[in-house]
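What follows is a set of notes on a single structure, which appears directly below.
The values are calculated or read from the model by the stated rules, or taken from the named source; none is laboratory data. Keep in mind that what you see is a predicted model, and the values were worked out from it rather than measured. Because the Cβ atoms are built from the backbone with ideal geometry, glycine has one as well, and the counts that use them run over all protein chains shown.
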Amino acid sequence: MTKLRNTTGLNAGLSELIHVPSGKIRLEGMLELPENPQGIVLFAHSSGSSRLSPRNNYVARELRAAALGTLLIDLLTREEDQTFETRFDITLLTRRLADATRWLKQHPTTKSLALGLFGASTGAAAALRVACDFPSEIAAVVSRGGRPDLAGDEKLAQVLAPTLLIVGGADFDVIKLNQAAHRQLRCEKEIAIVPGATHLFEEPGALERVAALAARWFVRHMPR
């Protein structure tokens, strides 16, 4: 395990590039903790995205401003992300996200923190499957423009963690898929529609709304 370093001064928070063993590879991620974090959020990126995604990094900064730590991690290697079949391999994404979850719950700096999952696109399906498989470890789940339907109805029905599905108001097909997944969930759940937003939430103010909704949901469901 990599020792975290203080990058901004005494008691000002921690930041470190980390590597999580997963099968034959090591997943690279950026772990950042504000001072006195209330919890930590593990990001599950969508296909064709990475821990360097500007959208997820913006949301992560807003979560840290709300006293939540973040771990943005690459679930696929660069080569794997070039293959359509691998990018939509929910079983593979879930297995690697589960390895990152175990790493956080074992790391001395993060093991005592409440843990949330933030999934985008296919990453949302992996996040919900992990929430199903780790019912006592996951405090809350947020999906941004996600494909929760890909988790499967059986897994969705077993999720215990409070789940927020955020969808763009102009992302019509994904709204229907999220509504179908919402009906299968038996946990505390909510759908939030961001008016006028398309799939990537590129419209003015759309991503800010996503970040605010996500921060509110995680803070509400993460006891210190």
Regarding residue 149, is this residue out of contact with any strand residue (DSSP E or B) (no Cβ under 9 Å at 6 or more places or on another chain) and either over 24 Å from residue 102 (Cα atoms) or among the β-branched types (Val, Ile, Thr) (or both)? yes
In the stretch 161-173, the residues that are over 15 Å from residue 142 (Cβ atoms) and either touching a residue at least 24 places away in the same chain (Cβ under 8 Å) or charged (D, E, K, R) (or both): 169, 170, 171, 173
Cβ pairs under 7 Å, 6+ apart, first in the stretch 1-26 and within 20 Å of residue 63 (Cα to Cα), second outside any strand (DSSP E or B) and modelled with pLDDT under 90: 6/12; 14/4; 15/7; 16/2; 16/4; 18/2
Filter the stretch 175-196 down to residues that are under 18 Å from the mean Cα position of the chain (by Cα) and either part of a helix (DSSP H, G or I) or of a type in the set (Lys, Arg) (or both), then give me how many there are. 4
Can you spot a residue in the stretch 129-148 that is aromatic (Phe, Trp, Tyr), at pLDDT 95 or above and not in a helix (DSSP H, G or I)? yes
Could you check, for the stretch 151-159, whether at least one of its residues is touching a Ser or Thr at 6+ places or on another chain (Cβ under 7 Å) and not hydroxyl-bearing (Ser, Thr, Tyr)? no
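For the stretch 109-123, does any single residue satisfy the condition of being under 18 Å from residue 165 (Cα atoms) and among the β-branched types (Val, Ile, Thr)?
Checked against the condition, which is being under 18 Å from residue 165 (Cα atoms) and among the β-branched types (Val, Ile, Thr), the stretch 109-123 yields at least one hit.
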Examine the stretch 209-222 for a residue that is surrounded by fewer than 19 Cβ atoms within 10 Å (Cβ to Cβ) and within 20 Å of residue 95 (Cβ to Cβ), and state whether such a residue exists. no
What number of residues in the stretch 147-187 are surrounded by 14 or more Cβ atoms within 10 Å (Cβ to Cβ) and acidic (Asp, Glu)? 2
For the stretch 25-39, give me each residue that is crowded, with 16+ Cβ neighbours inside 10 Å and among the charged types (D, E, K, R). 32
